[in-house]
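Only one structure is covered here, and it is reproduced in the block below.
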Amino acid sequence: MKIADMNWMQVEKKLQQDRRAIVPVGSTEQHGYLRLTVDAILAERVSCEAAEPLGVPVFPVLSYGITPYFRAYPGTISLRLDTYQRIVADILDSLAETGFTRVMFVNGHGGNTPGGSILQEWMNAHPGIIVKWHNWWNAPRTAAAVAAVDSVASHASWMENFAWTRLSDVKLPDGQKPMIDLARMRMMDAAGVRAYLGDGNFGGVYQKPDEQMMQVWRAGVEETREALEGPWA
């Protein structure tokens, strides 16, 4: 149930029955040969599929996130940490004012995680409202489903290459890219990161069969739905 397909009167009526909501958050950043909006696409889609049987409304995805390390790649947009935290707080203020009391952010981008660090502080100032931050791709069962396919998987590799994140007119390289040294990358500026990463893949093959990808996807949807169902206290 997308908020984009509802009017305000329908939302008001829905709030009389259920005060939960999902806010997907992603990013617009380099993903190698895949779409720049991979994280936003996946966060929104997993949210919608998880929420549909429960009738929980899903708000439009926040497509910009915290990704300063990729700023040397054209098409990447990065928000400052304080900007991002203010956006998260503003979203929560608006939802709380209209009656939502159970809000789950479904995050598709690792760089956004520090932005969710204000949730406890925000809840302290808004008793009775509970907020969750769910990193869907590395939640335990989803991460296990990825590892069951191939333990060598990371940013812009096969694990993000779904039918709805790849580009039909782009040919992917063959073979497996060695895993990068993340600790080393974190000491580099954006220009250094681009020189180190090259195409942007952190490590792993570039594509797996769609049958295997759907195993990962089903785990992600089911785990996200379980988080939405609760517990909420």
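Since every read-out is calculated from the coordinates, none of them should be taken as a lab result. Owing to the predicted nature of the structure, the values given are computational and were not obtained by experimental measurement. Heads up, the Cβs are rebuilt from the backbone with ideal geometry, glycines too, and the neighbour counts pull from every protein chain shown.
Tabulated values for the structure
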read-out: Estimated [θ] at 222 nm from DSSP helical runs (n ≥ 4, -39500 (n - 2.57)) normalised by residues in the chain, nearest 500; value: -11500 deg cm²/dmol
read-out: Additional length obtainable on full extension of the chain from Leu54 to His126, 0.36 nm per residue less Cα span; value: 23.4 nm
read-out: Of all DSSP beta bridges in the range 3-229, antiparallel share, percent nearest 5; value: 15 percent
read-out: Backbone N within the range 92-129 under 16 Å of label point (7 Å from Asp189 Cα along the Cβ vector); value: none
read-out: Euclidean distance between Cα centres, the range 109-157 to the range 179-206, Å; value: 22 Å
read-out: Shape of the range 1-115, Cα gyration tensor, a/c cut at 1.5; value: prolate
read-out: Angle in degrees between helix 140-149 and the longest Cα principal axis of the chain, rounded to the nearest 10; value: 30 degrees
read-out: Förster-model FRET efficiency, 45 Å R0, Arg141 and Glu97, C-beta, rounded to 0.05; value: 0.85
read-out: Additional length obtainable on full extension of the chain from Gln215 to Trp8, 0.36 nm per residue less Cα span; value: 70.9 nm
read-out: Potential lengthening between Met179 and Ala233 on full extension [0.36 nm per residue; Cα-Cα distance subtracted]; value: 15.6 nm
read-out: Amide H contacts under 5 Å for Ile66, placed H, 5+ residues apart; value: Leu79, Asn112
read-out: Close Lys-Lys pairs in the chain, where close means Cα under 25 Å and separation is 8 or more or interchain; value: 7
